[in-house]
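The values are calculated or read from the model by the stated rules, or taken from the named source; none is laboratory data. What you see is a predicted model; the values in this text were computed from it and never measured. Here the Cβ positions follow ideal geometry from the backbone for every residue, glycine too, while neighbour counts run over all protein chains shown. Ligands, DNA and RNA are stripped out before the accessible areas are found, and what is left, the full protein with its side chains, is counted by its heavy atoms. Shrake-Rupley method; radii C 1.70, N 1.55, O 1.52, S 1.80 Å.
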Amino acid sequence: MGTVVDDAASVEFHAFFERHYAELARLAYLLTGEADAADDLAADALLALWHRWDRVRAADHPVAYARGVVANLARTRIRSAVRERRRIALFWSQREEKTENPDIAGSVDVQAALRRLPFRKRACVVLRHAFDLSEKDTALALGVSVGTVKSQTSKGMAELQRLLGTQQAPQKVHAAMARTGEAGGRDR
């Protein structure tokens, strides 16, 4: 990474930071429209600049270089947000199911057990068993491989069976999650 930590470079970087942080944060805000993200992006950009400060300070236009870093970070953030929105849209686009006389206690048990799973296992189990997505659609929604979906679903279901003490975990998950949609689960 070539971080230069001599006193002169440190003083020079600190002055650059003080002079340009607000401008870089404003640029990030205008690119993303998110005030909180703007501060984070400006800070991330300046950290990246510090790690390459020897090259940055030797550049003809260090501020232009800094603006480019902010723009690239903002583009990455926007692309990530778009992908996340697509995943959410796919997740919620599935049909709603209605259940007569729901087993509320069973739903609470399943939801508590699901919360104990690591996120990726939980997401795979929910998408596969509660939303009946194929392995391919689940992989697409989560941005992982089909093999990852298979292994994470299998491991997640094994853990749920252990936590719930039953071999009927897939049916319980499916039924509990169907009821969650009816009970306003989409607003959570």
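Within the stretch 18-49, the set of residues being aromatic (F, W, Y) and open to solvent by 70 Å² or more (accessible area, probe 1.4 Å) comprises Y29 only. Pairs linking a residue in the stretch 17-29 that is among the hydroxyl-bearing types (S, T, Y) to a residue that is surrounded by fewer than 16 Cβ atoms within 10 Å (Cβ to Cβ) and part of a helix (DSSP H, G or I), with Cβ atoms under 7 Å and 6 or more positions apart or on different chains, are Y29/A35. When the residues of the stretch 108-164 are filtered to those that are modelled with pLDDT of 80 or more, among the small types (G, A, S) and under 14 Å from R87 (Cα atoms), the one that is surrounded by the most Cβ atoms within 10 Å (Cβ to Cβ) is A123. When you check D54 against the structure, is it over 19 Å from A74 (Cβ atoms) and either over 22 Å from the mean Cα position of the chain (by Cα) or surrounded by fewer than 16 Cβ atoms within 10 Å (Cβ to Cβ) (or both), yes or no? Yes. Each residue in the stretch 1-17 was checked for being assigned to a helix (DSSP H, G or I), surrounded by fewer than 18 Cβ atoms within 10 Å (Cβ to Cβ) and not polar (S, T, N, Q), and 8 pass.
Here A15 qualifies as small (G, A, S) and over 27 Å from A81 (Cα atoms).
Across the stretch 55-66, what is the number of residues that are assigned to a helix (DSSP H, G or I) and either over 13 Å from F16 (Cα atoms) or out of contact with any helix residue (DSSP H, G or I) (no Cβ under 7 Å at 6 or more places or on another chain) (or both)? Residues that pass the stated criteria total 3. L73 falls short on exactly one of the conditions (1) at pLDDT 85 or above; (2) of a type in the set (A, V, I, L, M); (3) out of contact with any helix residue (DSSP H, G or I) (no Cβ under 6 Å at 6 or more places or on another chain), and that condition is (3).
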